[in-house]
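All of the numbers you see were taken from the coordinates with simple rules; none came from a lab. Keep in mind that what you see is a predicted model, and the values were worked out from it rather than measured. Don't worry about glycine lacking a Cβ; one is built from the backbone with ideal geometry, like all the others, and counts go over all protein chains shown.
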Amino acid sequence: MNRQGRPSAPGTVSDQAPKTFTGHQGLRLVEPLIFEVGAPDQTGVDLPKPKGGVNRLGGLERAAPVDLPGLSEPQVVRHFTRLSRKNYGIDMGFFPLGSCTMKHNPRLNEKVAGLAGFADVHPLQPESTVQGALALMDQLAHWLITLTGMPGIALSPKAGAHGELCGLMTIRAALEARGDARARVLVPDSAHGTNPATAALCGYVVDPIPADERGRVDLDAMTAKLDSDVAAIMLTNPNTCGLFETDIVEIARRVHEAGAFFYCDGANFNAIVGKVRPGDLGVDAMHINLHKTFSTPHGGGGPGSGPVVFSEALAPFVPPPWVVGGEGGFTLSETTGPESVGRMTAFHGQMGMFVRALTYMLSHGADGLKQVAEDAVLNANYVLETLKDVITASFEGPCMHEALFDDRFLKDTGVSTLDFAKALIDEGFHPMTMYFPLVVHGAMLIEPTETESKASLDEFIGAMRALAQAARDGDTDRFENAPVFAPVHRLDETQAARKPILTYQEPVPAEAAE
Amino acid sequence: MRYLPLTGDDRQAMLATIGAAAVDDLFCDVPESARLTEALNLPDHQGEIAVTRHMQALADRNVTAGDGPFFLGAGAYRHHVPASVQHLIQRGEFLTAYTPYQPEISQGTLQYLFEFQTQVARLTGMAVANASMYDGSTGCGEAVLMARRITKRKKAVLSGNLHPHYADVIETMTRFTDDHILRLPPVPQSGEDIAALIDQETSCVVVQNPDFFGHLIDLEPIAQAAHTAGALLIAVVTEVVSLGAVRSPGEMGADIVVGEGQSIGNALNFGGPYLGLFATRDRYVRQMPGRLCGQTVDAEGHRGFVLTLSTREQHIRREKATSNICTNSGLCSLAFTIHMALLGEAGLRRLAMLNHENAVALADAIDGIDGVEVLNSAFFNEFTCRVSNAAAVVERLAGQGIIAGVPASRFYSGLDDLLVLAATELNSDEDIDALASALQEAVQ
C-alpha cells in the first residue's frame with residue numbers, strides 16, 4: 001500500500017513509461033562523464049598556494065594544459081555515488097559466478113587494513129620500523145603453508161595469473177638448474193585462459209589434454225603425452241567443471257616419474273580448504289587467490305593477490321623478498337639468491353590484501369575454514385540437486401564448490417545461454433559464469449559459495465526453474481530483450497570493438513563541423 | 001561463525017534433499033589417503049574483539065609515515081588523500097563488484113574506467129590508456145614485451161637510472177623469452193648517454209623520468225634517436241604527481257608510457273596494492289596488454305560502456321594472448337579517478353608545485369651542511385645527496401623518529417654514500433628543519 005491508501009498493482013510497468021524531461025527514470029539516473037561536468041579551474045581539494053619562486057625543473061615545465069576537469073567535493077561524491085548504483089555487487093545480492101568465488105567480504109578486514117599501522121607504512125622504511133608488517137607477512141605465510149602442506153612460499157605475486165607466472169618460472173628455473181631444458185606444458189582443455197597464456201610467457205609450447213566423459217583429465221591421454229620433453233602439467237583442482245580430479249594422486253605420481261612438475265591452479269581452493277592439503281596430493285606449486293578463498297574484495301576487477309606455495313624441490317628457486325625470523329626480530333631478504341627466479345614485482349607484494357586475508361583467517365580459524373569448504377560444497381550440491389531435473393547437468397555425481405550445467409535443455413527453444421543469463425539479471429541476480437569451461441556446450445557454471453543462506457539459494461533456484469519453464473513454453477520475449485530492468489539494455493559490443501572509442505573526445509563545436 | 005548463514009537445521013535439510021547422509025559423502029571423490037583426519041595446528045575461530053586486538057598489536061609495532069618527519073620515496077610516495085576518496089571506494093557496489101563482464105549491471109565500474117583511461121591518456125600525453133596493470137614495475141615488464149611484438153626486435157636497453165626493482169622485474173619477465181636485456185649501470189650524478197647505445201637491433205629503450213635519483217631529463221633527444229633507429233621509447237613515471245609540473249612523456253616523444261599511480265588516491269600500504277598506468281599511441285592499441293573499456297550504445301541507442309578488444313586477452317586468445325594478465329587494479333584505479341576528479345587541472349598543478357617547492361626547500365636546507373652534497377640540478381620532488389655511510393645515517397635518524405629517505409645501498413652494493421630523499425605536500429617547514437639538524441649532527 002502506498003501512502004494514499006491506493007494499492008500498487010504489479011505488472012503496470014510498460015513501454016508506456018512517461019518520457020521525462022531529464023532523461024532520468026526515478027532512481028534510474030543518467031549520469032554524465034566528469035569531462036562533461038567539471039571545469040579546468042574548479043577543484044575539490046583546498047591546498048595552500050605555492051610560493052612561486054624560481055623552479056628547478058630544468059626547463060622541462062609543462063606548458064600545455066593537461067585538460068583535466070575539476071569538480072567540487074559535493075559533485076564528486078554525487079557522481080561516484082550515482083555510478084555505484086549502476087553496479088551489482090555481493091553486498092546487493094546473490095553472485096553465483098562460477099570460478100570466481102564471490103563470497104561475502106567482511107568489513108572487519110577493511111577496517112583493519114585501514115589502520116595507519118598498515119596503510120601508512122612505506123615499503124622501504126628501515127626494518128627496525130616495520131617489525132609488525134614483517135610479523136604479519138610471516139604469520140600469513142605460516143597459515144598458507146599449514147593449510148596447503150607445502151613448505152615453500154612466495155608472497156609477492158600480485159594476482160592469480162601473476163602467481164601462475166611465478167610458479168611456472170620457478171619450475172623452469174629448477175629444470176634448467178639440473179640441465180634439463182624441456183619444451184612442453186600439458187594443459188587441460190578445461191583450463192582457465194591464464195594457464196596457457198602463462199605457459200607461453202615462459203617460453204613453453206602448450207600441449208592440450210582432453211577431458212574424459214566424467215569431466216576429469218583423461219589419464220590415458222595424459223600418460224601418452226608424458227615424455228622427457230614435458231616440463232609440467234597445469235591442473236586446476238577441483239577442476240573448472242567443479243569436480244575433484246579423482247586420479248590426482250596417480251597423475252602426480254606419473255608426472256613426477258616423467259621428471260616433470262605438477263602446477264596446480266589454486267583458484268578453487270575454497271572447496272577444499274581445511275579438508276585436503278594440496279601438498280598431500282603431490283602438488284609442486286600452487287597459487288592462492290586471496291581475493292577468492294580468503295575473502296579480499298574483488299573491487300570491480302582488482303586488486304588481487306596471488307601468493308604461491310611450493311614443494312621442497314622448488315623452494316630454492318622462489319623469488320625474493322623473503323621474511324626471515326631471528327632472535328633480533330624479522331629481517332627482509334631482498335637480494336636475489338643464485339638460484340632464485342628473480343624479483344616478480346617492486347617491493348613486497350599486496351600488503352593491503354595480506355592484512356585482509358590474515359584477518360579473515362583468524363576470524364574463521366582452522367575449524368571455521370573447514371566449515372567454509374563444507375558449506376560451499378553443500379550449497380553447490382543443493383543447487384545441482386534441485387535444478388538437474390530441468391536444467392541439464394553436464395556430469396554425473398556430486399560436485400565440489402560449483403555446479404556445471406550446459407545448454408542441452410535449451411535445445412530448440414531459441415534461447416541461448418547468453419539470453420538465459422541476461423534474463424537472470426531481470427530476476428535480480430548476477431548471472432552465473434557462462435560459456436566457460438569450454439569443454440561443454442553453452443556452459444553455465446554456478447558457484448554459490450558458503451556465504452549464501454538457504455533462503456537465498458531457494459529464491460535463485462526458483463528463478464532458474466521459472467526461466468527454464470519459460471524457455472520450454474516458448475516465452476522468448478523475456479529472454480530476447482533481457483535485461484529490461486537494468487540501468488542499460490544490452491550493449492553493442494561489436495560496435496565497441498569495430499570502432500574503438502577508448503577515451504572521451506570533446507564534441508566538435510557546431511560551427512567547426514560545418 | 002558470523003560469516004556462515006547456514007544453520008544446523010539448514011544443513012540437515014539440504015543433505016536430505018541431496019540424499020547424502022553426511023557432508024563428507026559429498027567429498028567422496030577425494031582419495032581417502034589425502035583427506036585430512038586430524039585438526040590442523042592452527043587456532044580456532046575468533047570474534048571481532050579478539051581479532052582486532054591481534055591485528056592492532058601488529059599494526060602498533062610499525063612506525064607510520066605520519067609519526068614524524070618523513071622523506072622516503074623511491075617509487076612510493078606519501079600524499080594527502082581527500083576523505084571522500086576512501087568513503088566512495090568503500091561503497092559495496094564498487095568494493096564487492098566483479099570484473100565488468102556483464103556490462104548491463106556494471107556501468108558504474110565501466111564508466112569510471114572510461115574516465116580513468118581518459119585521465120591517464122591526457123596526463124601522459126598519449127592517445128589511449130588501458131584499465132590499469134598490477135603496478136608500475138609489472139607494467140614496465142609488459143611494455144618491453146609489447147615493444148618486441150611491435151618492432152619484432154629482441155634487444156631492450158634499460159637506463160641505469162630506471163628504478164632497480166623495475167629493471168629486476170623486466171629481467172625476470174624476459175628470463176625465458178629470448179629477449180636480450182642490456183641493463184646499464186646507475187649514474188647517480190646524471191648524464192647517461194643512452195641514445196648512443198641504440199642500434200638497429202634495439203626494440204626499445206626504457207627511461208624513467210624523473211629518474212631513480214630524482215633527476216629530470218629531456219626525453220626528446222632519446223626519443224629521436226630511438227625513432228631514427230626504428231626503436232620505441234618506453235617512458236616510466238614512478239611519481240605521477242610530477243606530470244602536473246613537467247612536460248608529459250607523450251609531448252617528448254614517448255611511444256609507451258608506464259607509470260605507478262599510487263601517489264594519487266592510494267595509501268603507501270607497505271608496497272601494495274598499487275596501480276599500474278599504461279598508455280600508448282593509437283596505432284599500438286591492439287598490441288596492448290590488459291583490459292580496455294570502450295564506449296558504445298545499448299539497444300535503445302543510449303550511451304554505455306563495455307570491455308572491448310578482448311581478443312587480445314587470455315580468456316579469449318589463451319596461449320596467443322598479448323599477456324597472461326587478468327586481474328587489474330580496479331579499486332585503486334577508482335581511487336585515482338576520484339582523487340584526480342577532485343584535483344582537476346588547477347588542483348593537480350598546485351599540488352605538483354607544492355611538492356616541488358618543498359623539495360627545493362629541503363635540498364637547500366641540507367646542501368649547506370658540511371659533509372652533505374646534493375647531486376641534482378633539475379628535479380621534481382626527489383633528489384639524491386652524497387653523505388658518508390648513508391645506511392647508518394638513515395638508521396640513526398630512524399632512532400630519532402625521522403625517516404630520512406632510502407640509502408642507495410639498499411639497491412646497489414657499492415653505492416654506500418648516497419641517500420635518496422623525497423618531499424611532498426605533507427612535509428612542513430618544521431619537518432625540514434628537524435631533518436636538517438639531525439643530519440648535521442649525524443655527519444659531524
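Scanning chain B for long hydrophobic helices, with DSSP H runs required to stretch 20 angstrom or more by C-alpha along their axis and to average at least 0.5 on the Kyte-Doolittle scale, returns B:330-367. Here is the tail figure for the protein assembly as shown: Cα pairs spaced more than 39 Å apart come to 41 percent of all pairs.
After finding the eigenvalues of the alpha carbon gyration tensor for chain A, what semi-axes result from the square roots of 5 times each, listed largest first in whole Å? Value: 40, 36, 23 Å, ordered largest first. Under the convention that each Lys and Arg Cβ holds +1 and each Asp and Glu Cβ holds -1, the size of the dipole of the protein assembly as shown around its Cα centre is about 1200 debye.
Among the trypsin sites (Lys or Arg not before Pro) in region B:114-167, those located in a DSSP loop and surrounded by at most 10 other Cβ atoms within 10 Å of their own Cβ are B:Lys152.
GNM on chain B, C-alpha springs below 10 Å: top fluctuator among B:Thr37, B:Thr311, B:Thr124? Of B:Thr37, B:Thr311, B:Thr124, the Gaussian network model singles out B:Thr37 as fluctuating most.
For a Förster distance of 25 Å, can you work out the FRET efficiency between the beta-carbons of B:Gln56 and A:Leu47, rounded to the nearest 0.05? For R0 = 25 Å, the calculated efficiency reads 0.20. Peptide A:168-176 has a mean of 1 when you count, residue by residue, the C-beta atoms of other protein chains within 10 Å of its C-beta. Packing, as the average of other Cβ atoms within 10 Å across residues, places the peptides A:491-501, B:125-135, A:65-75 in the order B:125-135, A:65-75, A:491-501, highest first. Round to the nearest 0.05 the FRET efficiency obtained for B:Ala392 and A:Asp389 when R0 = 51 Å and r is the Cβ-Cβ distance. Rounded to the nearest 0.05, the efficiency is 0.10. Net charge within 11 Å of B:Gln440 by Cβ-Cβ distance, Lys/Arg positive one each and Asp/Glu negative one each, not counting B:Gln440 itself? Net local charge, B:Gln440 excluded: -3. Shielding by partners for peptide B:60-72, expressed as the average number of C-beta atoms from other protein chains within 10 Å of each residue's C-beta, is 6.
What helices does chain A have that are whole DSSP H segments, at least 18 Å long along their own axis by Cα, and with mean Kyte-Doolittle hydropathy of -0.5 or more? Those that pass (Cα extent of 18 Å or more, hydropathy at least -0.5) are A:131-148, A:160-177, A:351-387, A:454-472.
Available extension along the chain between B:Lys154 and B:Ser428 is 93.9 nm, counting 0.36 nm per residue and deducting the alpha carbon span. For region A:109-362, the Kirkwood radius over C-alpha pairs fed into Stokes-Einstein at 25 °C and 0.890 mPa s yields D = 133 µm² per second.
Remark: region B:184-192, residue by residue, has Karplus-estimated 3J(HN,Hα) of 7, x, x, 10, x, 8, 6, x, 5 Hz, where x stands for each Gly or Pro and the curve is 6.51 cos²θ - 1.76 cosθ + 1.60 at θ = phi - 60°.
Packing, as the average of other Cβ atoms within 10 Å across residues, places the peptides A:267-279, B:182-194 in the order A:267-279, B:182-194, highest first.
Given points 7 Å out from each Cα along the Cα-Cβ axis, report the B:Leu197 to A:Glu327 separation in nanometres with one decimal. The answer from the label model is 4.5 nm. Electrostatic tally near A:Glu396: other residues with Cβ closer than 13 Å to its Cβ, Lys and Arg +1, Asp and Glu -1, net -1. Can you find, among A:Thr194, A:Ala224, A:Tyr204, the residue sitting farthest towards the positive end of the charge dipole of region A:189-235, where Lys and Arg contribute +1 and Asp and Glu -1 at Cβ? Positive-end residue among those listed: A:Thr194.
Expressed as a fraction of 2.2 N^0.38 Å, the value expected for a compact globular protein of N residues, the C-alpha radius of gyration of region B:83-339 is 0.99. Think of region B:1-73 as a dipole: +1 on every Lys or Arg Cβ, -1 on every Asp or Glu Cβ, centred on the Cα centre; then among B:Thr17, B:Ala65, B:Phe27, B:Ala65 lies furthest on the positive end. Pick from B:Ala156, B:Ala21, B:Ala245: which residue has the top mean-square fluctuation in a GNM of chain B where Cα pairs under 10 Å get a spring? Comparing B:Ala156, B:Ala21, B:Ala245 in a Gaussian network model of chain B, the most mobile one is B:Ala21. Normalised by the number of residues in region B:131-247, the mean separation of alpha-carbon contacts (under 8 Å, six or more apart) gives a relative contact order of 29 percent. Would you kindly give the portion of the calculated P(r) for region A:179-222 that falls above 16 Å, as a percent of all Cα pairs? Here the tail beyond 16 Å accounts for 41 percent of pairs. Legend: mean number of C-beta atoms from other chains within 10 angstrom of residue C-beta atoms, peptide B:312-323, equals 6. Pairs from the table (A:Lys103/A:Lys275; A:Lys19/A:Lys499; A:Lys370/A:Lys454) lying more than 21 angstrom apart at Cα are A:Lys19/A:Lys499.
Most mobile of B:Leu95, B:Leu145, B:Leu58 per a Gaussian network model of chain B (Cα springs, under 10 Å)? Of the options given, B:Leu58 has the highest mean-square fluctuation. As a length-normalised measure over Cα pairs under 8 Å and 6 or more apart, the relative contact order of chain A settles at 17 percent. Short-range pairs are left out: with C-alpha atoms under 8 Å and at least six residues apart, the relative contact order of region B:83-339 is 27 percent. Using the average count of surrounding beta-carbon atoms within 10 Å as a protection proxy, the listed peptides B:422-428, A:393-399 rank, highest first, as B:422-428, A:393-399. For every other residue with a beta carbon closer than 14 angstrom to the beta carbon of A:Gly44, add +1 if it is Lys or Arg and -1 if Asp or Glu, then tell me the sum. Neighbourhood net charge equals -2. For chain B, the convex hull spanned by the alpha carbon atoms encloses 207 Å³ per residue.
A P(r) calculated from all alpha carbon pairs of region A:367-498, with 5 Å bins opening at zero, reads 2, 10, 19, 22, 19, 13, 8, 4, 2, 0, 0 percent. Straight-line cross-link partners of A:Lys422 among the lysines, defined as a Cα under 17 Å from its Cα and at least 8 positions apart when in the same chain: A:Lys86.
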